[in-house]
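Notes for the one structure printed next.
The values are calculated or read from the model by the stated rules, or taken from the named source; none is laboratory data. Because the structure is predicted, anything quoted here is derived from the model rather than measured. Please note: Cβ atoms are built from the backbone with ideal geometry, for glycine as well, and neighbour counts cover all protein chains shown.
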Amino acid sequence: MKIHSFMDPKQQTNIYLLVADDGKTGILVDPAEIDGQMIRTIERERIDLRYVLITHAHPGHIAALGKLLKIYSPECYSYLGRCNGIKTVKVWPDDEFEFGGTPFRALHVPGHSLDSICWLSDNVVFTGDTIMSGSIAHTNTLIEKELLSVNIRQKILTLPYNTIILPGHGCPSKVGIESMCNQDMLEAEASMV
């Protein structure tokens, strides 16, 4: 799998354009923005953009979904089954897919939002806002924060240490680094003792 990274400068949201193992199938993770650079990459590399994977339906991560569907005709996958009024393929926890020969598994990690899905593919996990380098997502209540922390501990930090974390904001990281150094997770763990 080949990964192209883009960023929406307004929301400072990461967008990932993947080329599947077949070398032509395109998969877009969180269409926060569609700009000329991304379109030029798709066209120059002759990527067949067939799938959109949504980590959660907050506007900063799906703002360009409607615009994208005016240009291309990908199939969209989300936990909600509908985003911005657009019908998507409903994803259930631990659903497994194969897109262009590349396997994906949907990890349901609620806490930041009830529809949060992390997309795991081989040694890479696309986490949206769930976990970022050094921090975890914002929550509105202490119960949501505890739910998020427990889910991250059970579903993300149990992945192999070298699994690459590609978050919705900020820099990439690895599971091993976050399990040892993520300040929010360390604080959450300390408060549970």
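With the structure loaded, tell me whether SER133 is modelled with pLDDT of 90 or more, closer than 15 Å to THR55 by Cα and among the hydroxyl-bearing types (Ser, Thr, Tyr) or whether it fails that test. Walk me through it before giving the result.
Numbers: modelled with pLDDT of 90 or more: yes; closer than 15 Å to THR55 by Cα: no; among the hydroxyl-bearing types (Ser, Thr, Tyr): yes.
When the stated conditions are applied, SER133 does not pass them.
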Residue by residue through the stretch 155-193, note down the ones that are modelled with pLDDT under 95 and touching a Pro at 6+ places or on another chain (Cβ under 6 Å). none
Taking the stretch 138-165 and keeping residues within 24 Å of ILE27 (Cα to Cα), in a loop (DSSP other than H, G, I, E, B) and out of contact with any Lys or Arg (no Cβ under 7 Å at 6 or more places or on another chain) leaves ILE156, LEU159, PRO160
Given (1) surrounded by 20 or more Cβ atoms within 10 Å (Cβ to Cβ); (2) within 24 Å of GLN12 (Cβ to Cβ); (3) in contact with a strand residue (DSSP E or B) (Cβ under 8 Å, 6 or more places away or on another chain); (4) not β-branched (Val, Ile, Thr), where does PHE104 come up short, assuming only one miss? (2)
Among the numbered conditions (1) within 21 Å of THR139 (Cβ to Cβ); (2) free of Cβ contacts under 8 Å to residues at least 60 places away in the same chain; (3) in contact with a Ser or Thr (Cβ under 9 Å, 6 or more places away or on another chain), tell me where VAL89 comes up short. (1)
